[in-house]
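A quick write-up on the structure given underneath.
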Amino acid sequence: MTHLWVRAEQRPNEDRVGLTPAGAKALLDAGIRVTVEDSRSRAIPLQGYIDAGCEIAAENSWPDAPRDAIIFGLKELPEDGSPLPHRHIMFGHAFKGQHSGKELLRRFREGGGTLYDLEYLVDETGRRVAAFGYWAGYAGAAVTLKAWAAQQRGEVCGPVGVYKNKDALLSDLEEELDASGADRPTAIVIGALGRVGTGAADLCEAMGVTVTKWDIKETASGGPFPEILNHDLFLNCIFARPGTPVFVPQDALQADRKLTAIGDVACDPDSDYNPVPVYSRATTWDAPVLRVANAPVLDVMAIDNLPSMLPAESSEDYADQLLASLLTLSDLNAGVWGRAKAVFDEHVAG
């Protein structure tokens with residue numbers, strides 16, 4: 001019997017989950033065994049999974065799960081160097097040259113396990129079957145606006161946290177922008193036709209921010225793109241890959257510009273293809289921005305788990321998208337799972 005083990009997230013400020021109780025019930029009805037770990041932080045209470053009929057395991061007990069269990073989580077595992085013998089479903093960030101990804105692949109090689117990377121679960125056309133993109137863009141734009149508002153106060157953006165729902169986020173952000181006493185800024189969103197860009201643009205427009213929306217057509221020239229520097233905010237919603245243009249080069253730090261806040265929602269600073277190479281590390285909930293220039297100021301927001309600011313809504317949305325694929329777990333050699341394994345096999349052999 002196929003056995004899906006839903007682990008608790010071990011990263012701070014990560015309250016999301018990729019399977020809802022309703023989804024778990026659908027898997028159980030399809031003959032898939034489901035174990036769900038207890039969690040102190042998961043946005044969806046454990047009782048729902050109990051009521052659905054799931055088996056319950058202790059928090060963070062997945063290393064001792066049966067070897068044939070498929071371990072399902074979202075964000076990265078603890079970096080303890082241990083070999084990984086299980087099959088894992090998660091965002092591994094391991095296939096685009098990231099330094100931490102090389103270490104993760106080493107652990108899979110040593111343990112004999114397999115990574116089914118959620119970013120590489122794609123249909124026959126290459127389109128991802130599930131993504132947190134919309135809520136990443138939504139929350140990323142919100143934090144970038146918070147960074148801009150802090151600048152109006154002569155400050156650097158302070159810590160951010162979880163919101164009960166998007167209405168609470170919008171209310172808090174509107175109050176902060178109004179208190180700045182400044183007119184709303186202008187923003188440019190690159191990747192505006194995608195899920196991430198749509199979320200970013202929707203948040204900006206909800207706050208009365210004028211948005212310039214760019215996508216592949218507008219960036220096909222490969223740059224440079226001086227228009228970006230003529231906006232107050234730049235929101236990068238395009239994931240780094242070979243051929244991605246550089247949107248904000250190093251010389252922009254000294255350039256005459258209106259731009260003072262960058263939201264790198266795609267957030268891939270470790271990649272060789274980083275399109276915003278004015279910073280080199282992700283930011284955190286406690287320190288949401290890096291100040292990379294002072295005259296004039298330029299802050300970069302690059303939090304890499306933005307959807308967890310709205311964990312309930314983002315979990316429900318993502319889990320609904322992913323469920324159809326989870327229902328096919330009994331055949332890991334075909335469909336989305338077979339394609340994801342082929343990507344893993346290619347990279348783990350390197």
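The values are calculated or read from the model by the stated rules, or taken from the named source; none is laboratory data. Bear in mind that the values here come from a model prediction, so they are computed numbers and not experimental data. Here the Cβ is made from the backbone with ideal geometry for all residues, glycine too, and neighbour counts use every protein chain on show. The protein model used for the area step is the full one, side chains on, heavy atoms only, and it has no ligands, DNA or RNA in it. Shrake-Rupley method; radii C 1.70, N 1.55, O 1.52, S 1.80 Å.
The criterion of at least 1 residues that are touching a Gly at 6+ places or on another chain (Cβ under 8 Å), closer than 24 Å to residue 236 by Cβ and hydrophobic (A, V, I, L, M, F, W, C) is met, among strands (runs of 3 or more DSSP E) falling completely within the range 58-141, by 87-90. Selection of strands (runs of 3 or more DSSP E) fully inside the range 193-264 by the criterion of at least 1 residues being modelled with pLDDT of 95 or more, closer than 30 Å to residue 169 by Cα and open to solvent by 60 Å² or more (accessible area, probe 1.4 Å) returns 210-214.
Yes or no, residue by residue, for (1) touching a Phe, Trp or Tyr at 6+ places or on another chain (Cβ under 6 Å); (2) farther than 30 Å from residue 285 by Cα; (3) of a type in the set (Lys, Arg); (4) in a strand (DSSP E or B):
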| position | (1), (2), (3), (4) |
| --- | --- |
| 14 | no, no, no, no |
| 17 | no, no, no, no |
| 36 | yes, no, no, yes |
| 42 | no, no, yes, no |
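Among the candidates 41, 100, the residue that is under 22 Å from residue 306 (Cα atoms), touching a Pro at 6+ places or on another chain (Cβ under 9 Å) and not β-branched (Val, Ile, Thr) is uniquely 41. Of the candidates 123, 80, the single residue that is without any contact (Cβ under 8 Å) to a residue 12 or more places away in the chain and either acidic (Asp, Glu) or open to solvent by less than 50 Å² (accessible area, probe 1.4 Å) (or both) is 80.
Taken as a whole, the condition of being open to solvent by 10 Å² or more (accessible area, probe 1.4 Å) and in a helix (DSSP H, G or I) applies to residue 168. The single condition among (1) closer than 23 Å to residue 268 by Cβ; (2) modelled with pLDDT under 95 that residue 80 does not satisfy is (1). Could you please tell me which pairs satisfy a Cβ distance under 7 Å, a separation of 6+ or placement on different chains, a first residue in the range 326-346 that is farther than 18 Å from residue 91 by Cβ and part of a loop (DSSP other than H, G, I, E, B), and a second residue that is open to solvent by 70 Å² or more (accessible area, probe 1.4 Å) and among the β-branched types (Val, Ile, Thr)? So the pair list comes out empty. Taking the criterion of being open to solvent by less than 10 Å² (accessible area, probe 1.4 Å) and touching a Cys at 6+ places or on another chain (Cβ under 6 Å), the residues of the range 126-163 that qualify are 137, 141, 147, 150.
This table checks each residue for (1) within 14 Å of residue 260 (Cα to Cα); (2) hydrophobic (A, V, I, L, M, F, W, C).
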position: 217; (1), (2): no, no
position: 224; (1), (2): no, no
position: 235; (1), (2): yes, yes
position: 247; (1), (2): no, yes
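Within the range 311-325, the only residue that satisfies the criterion of being farther than 18 Å from residue 162 by Cβ, open to solvent by 60 Å² or more (accessible area, probe 1.4 Å) and either in contact with a Ser or Thr (Cβ under 9 Å, 6 or more places away or on another chain) or free of Cβ contacts under 8 Å to residues at least 12 places away in the same chain (or both) is 320. Go through 320, 272, 286 for me and flag whichever is modelled with pLDDT under 95 and within 20 Å of the chain's Cα centre (by Cα). Exactly one of 320, 272, 286 is modelled with pLDDT under 95 and within 20 Å of the chain's Cα centre (by Cα), namely 272. Is it the case that residue 240 is without any contact (Cβ under 8 Å) to a residue 60 or more places away in the chain and among the hydrophobic types (A, V, I, L, M, F, W, C)? The answer is no for residue 240. Every condition in (1) under 13 Å from residue 209 (Cβ atoms); (2) open to solvent by 40 Å² or more (accessible area, probe 1.4 Å); (3) of a type in the set (A, V, I, L, M) holds for residue 182 except the one numbered (2). Do you know which of the residues in the range 295-305 that are modelled with pLDDT of 95 or more and not acidic (Asp, Glu) is surrounded by the most Cβ atoms within 10 Å (Cβ to Cβ)? The residue in question is 301. In the range 42-76, of all residues being under 25 Å from residue 1 (Cβ atoms) and touching a Leu at 6+ places or on another chain (Cβ under 8 Å), the one that is most open to solvent (accessible area, probe 1.4 Å) corresponds to 56.
Checked against (1) open to solvent by 40 Å² or more (accessible area, probe 1.4 Å); (2) part of a loop (DSSP other than H, G, I, E, B), residue 279 meets all criteria but (1).
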